[in-house]
1. I'd like to check something: does the stretch 213-233 contain any residue that is crowded, with 17+ Cβ neighbours inside 10 Å and either over 37 Å from the mean Cα position of the chain (by Cα) or closer than 16 Å to Val304 by Cα (or both)?
2. Just to verify a result, which residue in the stretch 234-259, among those that are more than 12 Å from Gly311 (Cβ to Cβ) and free of Cβ contacts under 8 Å to residues at least 12 places away in the same chain, is surrounded by the most Cβ atoms within 10 Å (Cβ to Cβ)?
3. Enumerate the pairs (first residue in the stretch 9-28 and in a strand (DSSP E or B); second residue anywhere and basic (Lys, Arg) and surrounded by fewer than 24 Cβ atoms within 10 Å (Cβ to Cβ)) with beta-carbon separation below 7 Å, excluding pairs fewer than 6 apart on the same chain, so at least 6 apart or on different chains.
4. Restricting attention to the stretch 238-258, which residues are over 18 Å from Ala284 (Cβ atoms), acidic (Asp, Glu) and assigned to a loop (DSSP other than H, G, I, E, B)?
5. Please count how many residues of the stretch 226-263 are among the charged types (D, E, K, R) and under 23 Å from Glu322 (Cβ atoms).
6. Anything in the stretch 155-180 that is without any contact (Cβ under 8 Å) to a residue 24 or more places away in the chain and in a helix (DSSP H, G or I)? List them, or say none.
7. Starting from residues that are surrounded by 15 or more Cβ atoms within 10 Å (Cβ to Cβ) and among the small types (Gly, Ala, Ser), keep the ones in the stretch 287-322 and report whichever is nearest to the chain's Cα centre (by Cα).
8. Among the listed residues Arg224, Arg220, Arg235, Arg189, which satisfies the condition of being over 30 Å from Ala293 (Cα atoms) and not in a helix (DSSP H, G or I)?
Amino acid sequence: MTLPLEGMRVLDLTIWQQGTYASAVLADLGADVIKVEERVHGDPGRGAWIDPRSGLSSYFEAHNRGKRAIALDLKHPLGRDVFMRLVQDADVFLNNFRIKAIERLGLDYNSVSAVNPRIVYVQASGFGPEGPDADAGAFDYLAQARSGFASQNGEGDDPPIPTMVPIADQTGALHACIAALAGLASRERTGRGMKLDTSLLGSMISLQSFDIATHLFSGRLRPRPMRGGSRPFWRIYQAGDGKWFVIGMLLDRAWEAVCACVGRPELIDDPRFDTFARRMGENAPALIEILDACFQTASAREWVDRLNAVGLFAAPIQDYAELAQDPQVVANRYIAEVPRSDAPNGPSRSVRIPSSGIIVDGEPAVPRRLAPQHGEHTEEVLVEAGYSWEEISALRQAGVVGPSAP
């Protein structure tokens, strides 16, 4: 299979998650992603969530799979020179540093594009390139809060709750990936590179576009409903086995079949529920109460199967252990087996890791390898850039490239 970004090179000056996952997706799609890390310690994400059994950081592996890595002191003038030499052959430069920090390194768009006018330059910031907080630091939780997302999350009587899943980082990463792809498409047409800015805040606003537009149009703030919804067929239910499932159907569909399915055929002619508007509106609480009782008579899996069979969309609420065994996940290789060459029992061992979920010409674009070791490909990348072994040795002795000795 030929991946769509084969032949493209991405210089990845990102840390933590927002930028690193963006370039991981680009790597999944075939790009040669060169992760440029601080010479001594590298990306701080390397030390996060290390599994004692495997010795791997789930955090770092998920966001840096499929890349190559070099260790470089960009504060050293020679280190900046090395980076600019790599820029000459790069297609994309992606960073999520603070804007002023990038300027202090001399790696702003004007400086980089002067070396390579065809470069697609993506700056993934916290709050956007303009305004009083353009250079403010940000992490996922702050963007969830400031964007309004936390105010809409959780049950109606809960305090505002950011989700534990780092949705701002992941949404920001996907927007940065979209920006890179848009820049490459534009360059194909015009022959010129460009600068694109994304941010955690802007990405989270985009994620909530419909919800925010509802407020802007009406001036009202929507309350948070209990169990995810106030409508009978857009809501979470608990089944008789204690497990939970969700019904997600907004169409007026299969009412008579649903009544038969739940064992209450008399509801078909009940005047409280004889129209879609009554079922979903004024009499919704009464119908929810009836359905709550009905769903206690069988397991969640049974109800999901029964409801889907009559055209009322339903799905189980799965934990990650159940997700990993889901036949749909397995069939589409949404979780991939990736070889681990440094495994204690030899190179045949592998680990499972989520993929980007993109299928190219019928073949899933799964991670090709795990994340690189700190500075693992430093010499390899420099040789490709035209450096001699003598020059590389001199750079190492000068403390420009690494990693440094422990």
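The numbers here are math on the coordinates, done by the rules we state, and not lab data. What you are looking at is a predicted structure, and each value in this text was computed from that prediction instead of being measured. Note: ideal-geometry Cβ built from the backbone for every residue, glycine included; neighbour counts use all protein chains shown.
1. Yes; the residues of the stretch 213-233 include at least one that is crowded, with 17+ Cβ neighbours inside 10 Å and either over 37 Å from the mean Cα position of the chain (by Cα) or closer than 16 Å to Val304 by Cα (or both).
2. Ranking the candidates gives Cys259 first.
3. none
4. Correct list: Asp241 only.
5. Residues meeting the conditions: 4.
6. Hit for the stretch 155-180 is Ile178, nothing else.
7. Among them, the one singled out is Ala314.
8. So the residue among Arg224, Arg220, Arg235, Arg189 that is over 30 Å from Ala293 (Cα atoms) and not in a helix (DSSP H, G or I) is Arg220.
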